[in-house]
Amino acid sequence: MDSRSPVTTLLELMVQSVEGLQLERKPATTKNNLFVVVRAESINSYTTCMAKQGDTNNNLTWNHKLVVDVPLHASSITLDVKSKTLKGVKDIGIARVAVSEFMGCGGGGGIPQHCLQFLSYRLTDWEGRRNGVLNFSVRVLNSPEYAGKVVSSCGFQMRGTAMEATTTSSSASSGGGGVVVGVPIWWNSYGRNSSNA
């Protein structure tokens, strides 16, 4: 038996939809050619397809599944919504998610490996202004954090407090080394067995 632990964490990340996104004070549409770039504090990036119209005029969807390689040093991942225009690519909004949100053992959530989690994060532009909500799901496929440990099954449901999203930061002037992360608007973790997934 190979007892070696994986050196990175693999995430199955499904970028699902965005709600209430605006470009130049107008609701975003499929004509804005929106896509999402995912990074995990690495030079590697992962890109979705272009957004399609959702079931409402205020909703655009991707439903694009990515397998993201998260380095051990990474404390957050970013989901960056961009628009492809004739003049190039424009940044629209970004969400920063702490890795501890979806890591179970040793993390604050206590989420077993392979459990599918659904999260919704407020997007902000580069000036800190709020612009829409990004919906996505995450499943940890493998992680050094779980190596050699017995974890519980996924037969549970967790709900976070329905708080208004804000962002927290560590001031560079104070010498803080924290990561700037978003706070989820709501958090549902629907347990399911990996054999049924």
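Of note:
- Dipole magnitude (debye, nearest 20) for region 34-102, charges at Cβ of Lys, Arg, Asp, Glu: 320 debye
- Solvent-accessible surface ranking, highest first, for D80, D125, D55, D69 at 1.4 angstrom: D55, D69, D125, D80
- In sequence order, calculated HN-Hα J values of region 8-17 (Karplus, 6.51, -1.76, 1.60; Hz; x Gly/Pro): 9, 9, 9, 10, 8, 10, 9, 7, 9, 7
- With the whole protein complex present, H73 retains an accessible surface near 130 Å², based on a 1.4 Å probe.
- Sorting R39, R96 by accessible area puts them as R39, R96; the probe is 1.4 Å, largest comes first, and only protein heavy atoms count.
- In terms of accessible area, using a 1.4 Å probe and ignoring ligands and nucleic acids, M50, M103 rank largest first as M50, M103.
- The loop-placed GluC sites (Glu not before Pro) in region 3-95, going by DSSP, that have at most 15 neighbouring Cβ atoms within 10 Å of their Cβ come out as E24, E41.
- Interchain or long-range residues, amide H under 5 Å from G93's placed H: V81
- Annotation: amide H of L23 within the under-5 Å range of A28, sequence separation 5 or more or interchain, hydrogens built in the peptide plane.
The values are calculated or read from the model by the stated rules, or taken from the named source; none is laboratory data. Predicted, not measured: the structure shown is a model, and the values here were computed from it. Positions of Cβ are generated from backbone atoms using ideal geometry, with glycine treated the same way; all protein chains shown enter the neighbour counts. With ligands, DNA and RNA removed, areas are computed over all heavy atoms of the protein, side chains included. Shrake-Rupley method; radii C 1.70, N 1.55, O 1.52, S 1.80 Å.
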